[in-house]
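What follows is a single structure, written as structure tokens, with notes after it.
Computed from the coordinates by the stated procedures, all read-outs in this text should not be read as laboratory data. Keep in mind that this is a model prediction, so the values were computed, not measured. Note that we place each Cβ from the backbone using ideal geometry, even for glycine, and neighbour counts take in every protein chain shown.
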Amino acid sequence: MTQGEHRMSQLPGATCARLPHQVCRGNAKVDVIQGDCVVWIRSKILFVVLVLALTNVAWADTVTGVVVNSLGQPIPGATVEVYREGSSVVTNAVGGFTLNLVSGTYSFQIIPPAGMLLAPGIVAGFVVNGPSSMGNVTLEAGVLLSGIVRDTGNAPIVNGDLDVFDDLTGIKFNTPGDKTTVTGSFSLRVPARLLRLRAEPAAGQILVAQIQTLNVTASMSVGTIVLPQGFILSGTVRDSVTSAVLSGVDIDVDDLSTGVRIQTPGDNTNAAGVFSVIVPAGFYTVSFERSAGQLYVGYQEIVFVNNAPTNMGFVAMEAGISISGTLVDGNGFPVANADLDVRSDAGDAIVYTPGDATEYDGTFEVVVPAGNYRVVFQPTLASSLLAKTTTVQSFAASTNLGNVTVQLGQLLSGRITAFASVAPQVRCAVLLNDSVSGLPIETGDNLTDANGDYAIIVPTGTFDITLKTRKGSLARDRVYPSVVVAGPTTFNGSLQLLPMFVYVDDPAFPEPQVVLAGSPQLFITVAIYNPNGITTGTFLEAEVEGPFGTITTLLTGSPTVLAAGQVIFAQFLAVPLPPFPASLSGLPHKFRIRLRDPMDNSEVDVDEFVYFPQ
């Protein structure tokens, strides 16, 4: 008996005596296999299927841990839930648990058994790569968070919903009994930490949800939460080419003037692509973000809700390509929570890419239209890592950039003031250029805060620092040459009063102005002001900068003299524009007005805005 025949003889009822051994092993000519040999073939296939199934199970990694209280005592019956994944397990008699998960980065919510005076817990950003242990996961004693929810007429909100979020991770806690009573009251057991509390109306009530951030250190009452009257904002999201409805698209609504986000729970499109949220009357930026797995470009639209239900109709989202990869530091460790900007080579405009921060494992993915871009990575200030930009490259299909490495830098910080250091400069940009090459240095958030303070991470070197004031500031921009950064450096700047001030804007704000081919003129609002106590003169210039940096001069060297406190103001002033090539249609252009000192031709003040010729 051959070795193959011996293996067959171990199968019940199987024999290959009537066929050559090699025929039973082959894949071709199965129809010539007779009798019991077919049983062996089927058993063999079943065996292979079972092996593959068992192998697939083996690919999952085990995650273990023990849930305990603050005294280290095990908690049986606690639920360990994989956040947003849906899978969960209950701890055993000694508080232990085991989960089988594929490699990746996960967040977990730990829910105490009903009746225990413990708060739910969170384990965020846990990396699973092989058998992994969380060790002891401690559930702290919960504190009570209470209050009352009412409408503007002081009527209690019955069966309203309360949601509690961890302020650091954004994870929503599981809080049983989080509905309001017949008196509108609620009482929730939560952990003592920085939390966000959102109050929502009951189903069917057209009231606007409210959110507040709370530093919870002990049991506390938030008092009365008032939900104002709202209006339904709705629409249907579709593919811009095929008109297929898009489900799971996330809708965000931000106040146009303040940027404050309106709370819109349940704001994803349903299976029919329909969304319906409740907002107050007002002007809003409505943002649309693809659901996981979709390759659609983020989209924004400005909407006015005028004290009535508002339907946006069909909202078209454009299919795009993904730019993905992993951000790591110099040691190869992942860099989390870094912000990404995708900048077009046309005007260096930032493409809208919602969800563009790196994950806990450093991975990132954004969706953009095919085109030419550079990608800017801005790690958090706390990481002490430098910002980085790629070169402009063509992205015609989805592209993985692989590992993108950012290095450690130095902290440059200080305060920017004006007018003899008595006025802190708010939202003043601190810009750096290499003093030798003149090349700009990428940094993270480089704007000063309400106190005029800033903090950025920069490389070592010698830099020219430009302090660029915000739009409408009466302080004059200033350049400090050859500032040396060899380690952590403090640099304070002082700005002077402008000898002459210029402000120019689109009178159709907030909508970007579109200049039609048949009417090549731009309408502007312009103000020129002398804030000084003496008569001052400047030269006035006007120009257009094309999307790729080409400058076209519209006005140059025009003398402008104003007495102390005098102002020139015009609104909806028509400015003739030069013709533009069809290839630049729909791309961002900048209209700019500049004032120059008549003595040394230095720039006194400058302002600009963006428009789109079509």
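Things worth noting here:
- Using θ = phi - 60° in the Karplus curve 6.51 cos²θ - 1.76 cosθ + 1.60, the 3J(HN,Hα) couplings for segment 234-247 round to 9, x, 10, 9, 9, 5, 5, 9, 8, 6, 5, 6, 10, 9 Hz; x is entered for Gly and Pro.
- In segment 377-534, Cα pairs under 8 Å separated by at least six residues give a relative contact order of 22 percent.
- Angle between the chain longest axis and helix 36-58 axis [Cα atoms, degrees, rounded to 10]: 40
- By average C-beta atoms within 10 angstrom, highest first, the peptides 332-339, 277-284, 480-487: 277-284, 332-339, 480-487
- Peptide packing for 358-371, 60-73 was compared via the average number of neighbouring C-beta atoms within 10 Å per residue; ordered from the highest value, the list is 358-371, 60-73.
- Euclidean distance of C-alpha centroids, segment 467-486 and segment 293-322, integer Å: 38
- Environment charge of Tyr373, counting only residues whose C-beta is closer than 13 Å and scoring Lys/Arg +1, Asp/Glu -1: -2
- Rounded to 5, percent antiparallel among DSSP beta bridges of the chain: 80
- Rounded to the nearest 20 debye, the dipole magnitude of the chain is 1240 debye, with +1 charges on Lys and Arg beta carbons, -1 on Asp and Glu beta carbons, and the Cα centre as origin.
- Restricting attention to the chain, lysine pairs at least eight places apart or on different chains and with alpha-carbon atoms under 22 angstrom apart total 4.
- Between Val422 and Ala218, the contour length at 0.36 nm per residue exceeds the Cα-Cα span by 69.4 nm.
- Stretch gain in nm, segment Ser88-Thr460, where the contour uses 0.36 nm per residue and the Cα spacing is subtracted: 129.0 nm
- For the pair Ser291 and Phe523, the difference between a 0.36 nm per residue extended length and the Cα-Cα distance amounts to 79.6 nm.
- Matching label, Rg/Rh (Cα atoms, Kirkwood Rh) computed from the structure shown, candidates (i) 1.07; (ii) 1.00; (iii) 1.20: (i)
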